Amino acid sequence: MLKYCFPRGEVIVTLPDNPPSWMVPTVEALGELLALPPNWDAYGAPRVDPAFALAAMRLAWETFPDNTPQPSVVPTSSGGLQFEWHTRNIDLEIEFLSPSRLHVLCEDLRSGQSWESEVNRDLKPLTDALAVLTRPL
Amino acid sequence: MDMSNYEDDKTIQDEAELWRRINPDWIVPDEKPPGLRVSSAAFNDSRDGTPLSVLLAEIVRHTGRTAQDIIAPFPGFSLASITAGVARAQRQGIARTPTTKEPAHASVIGPKTKAIRQALAKAATWVVAPSQAA
């Protein structure tokens with residue numbers, strides 16, 4: 001069990017037995033973002049909204065294949081966050097515009113193809129992008 | 001800040017360096033050399049719509065300061081640079097927006113789609129690299 005505090009509460013995460021390798025570092029990184037103070041970016045950014053961190057944890061649990069490389073977990077100046085990967089010839093970014101709205105940008109460096117899409121209920125663009133990221137090399 | 005009256009300032013040459021402070025959380029691994037890159041998150045407007053803040057390197061130097069002086073108040077921060085030409089190639093304008101505290105302050109104005117932010121991040125070079133940051 002992992003526990004992260006923020007000004008108005010705390011987030012407690014219970015991990016499954018034998019979690020995939022990406023899970024613990026990702027959850028820890030999300031928890032660390034909750035500790036960022038106001039103006040963490042030197043340009044007046046607010047704290048990261050805990051609702052975004054929770055949404056990100058849920059999304060990762062529901063959509064990341066077990067062999068997903070560990071993402072970078074990056075705060076944004078609007079108080080949100082994004083997952084990003086620059087590996088396996090893929091640049092993939094999943095930005096949380098709100099806890100339920102995502103913006104996905106995927107660039108396949110081998111084919112030169114890129115696309116971006118806003119995602120809310122239909123997660124297929126996201127799962128398609130993750131499938132490209134985790135494809136056999 | 002009301003930016004509706006600001007336009008691209010042509011007196012800022014395409015070669016002009018635009019400096020941006022980079023929080024350590026905005027530096028991410030990249031399998032391509034040199035192994036680290038700036039996240040696209042570093043090149044967005046503020047939540048209230050204030051355009052991307054940068055510093056005109058020429059003005060910084062003219063005021064007798066160095067790159068290290070710019071990040072000294074922010075331990076652990078690095079300093080990245082893009083040129084005005086790179087920003088304009090991404091359909092951005094650059095306006096001089098000096099403040100009483102910062103004569104070198106400028107704003108990068110224009111819609112910042114995710115693709116544009118990523119292009120700016122990919123084009124960024126280090127002025128003070130992460131390994132050199134305090």
ask   = For B:Ala72 and A:Glu28, what is the calculated FRET efficiency with R₀ set at 25 Å and r taken between the beta-carbons, to the nearest 0.05?
value = 0.25
task = Work out which trypsin sites (Lys or Arg not before Pro) in chain A are exposed loop sites (DSSP not H, G, I, E or B, at most 13 other Cβ within 10 Å) and give the longest gap free of them.
result = A:9-109
message = To the nearest hundred square angstrom, how large is the accessible surface buried between A and B, total for both chains, probe 1.4 angstrom?
response = 2200
key: Å² of accessible area per residue within chain A, as computed with a 1.4 Å probe and no ligands counted   = 47
note = Placing each pseudo-label 7 Å from Cα in the direction of the beta carbon, B:Arg65 and B:Glu102 end up separated by a distance in nanometres of 0.8
key: Size of electric dipole in the protein assembly as shown: Cβ of Lys, Arg +1 and of Asp, Glu -1, about Cα centre, debye, nearest 20   = 180
message = Which one, A:Asn67, A:Pro16, A:Met57, is farthest towards the positive end of the dipole of chain A when Lys and Arg carry +1 and Asp and Glu -1 on their Cβ?
response = A:Pro16
key: Three-way shape label, region B:78-134, alpha-carbon gyration tensor, a/c 1.5   = oblate
task = Mind giving me the nanometre distance, one decimal, between the label points for A:Arg110 and B:Arg91, set 7 Å out from Cα along Cα→Cβ?
result = 3.1
ask   = What nm distance separates the two modelled labels at A:Thr63 and A:Arg121, each placed 7 Å from Cα along Cα→Cβ?
value = 1.6
key: Distance-filtered residues of region A:46-62 - backbone nitrogen under 19 Å, label point 7 angstrom along A:Asn18 Cα→Cβ   = A:61-62
message = Less than 22 Å apart at the alpha-carbon level, and either on another chain or at least 8 residues along: which lysines does that give for B:Lys32?
response = B:Lys114, B:Lys122
query = Residue by residue through region A:122-132, which ³J(HN,Hα) values in whole Hz follow from phi under the Karplus form 6.51 cos²θ - 1.76 cosθ + 1.60 (θ = phi - 60°), with glycine and proline marked x?
reply = 8, 8, 4, x, 5, 5, 5, 5, 5, 5, 5
inquiry  = Let me make sure I get this right: for chain B, a, b and c are the square roots of the gyration tensor eigenvalues over alpha carbons, sorted descending. Under 1.5 in a/c it's rounded, otherwise prolate if a/b > b/c, else oblate. Which is it?
reply    = oblate
ask   = Does region A:40-95 come out rounded, prolate or oblate, given a ≥ b ≥ c as the square roots of the eigenvalues of its C-alpha gyration tensor, rounded meaning a/c under 1.5 and, failing that, prolate meaning a/b above b/c?
value = oblate
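The values are calculated or read from the model by the stated rules, or taken from the named source; none is laboratory data. Since the model is a prediction, treat every value here as computed from it, not as a measurement. For neighbour counting, all protein chains shown are included, and Cβ atoms are generated from backbone atoms with ideal geometry for every residue, glycine included. Protein only, heavy atoms only, side chains kept; ligands, DNA and RNA dropped before computing areas. Shrake-Rupley method; radii C 1.70, N 1.55, O 1.52, S 1.80 Å.
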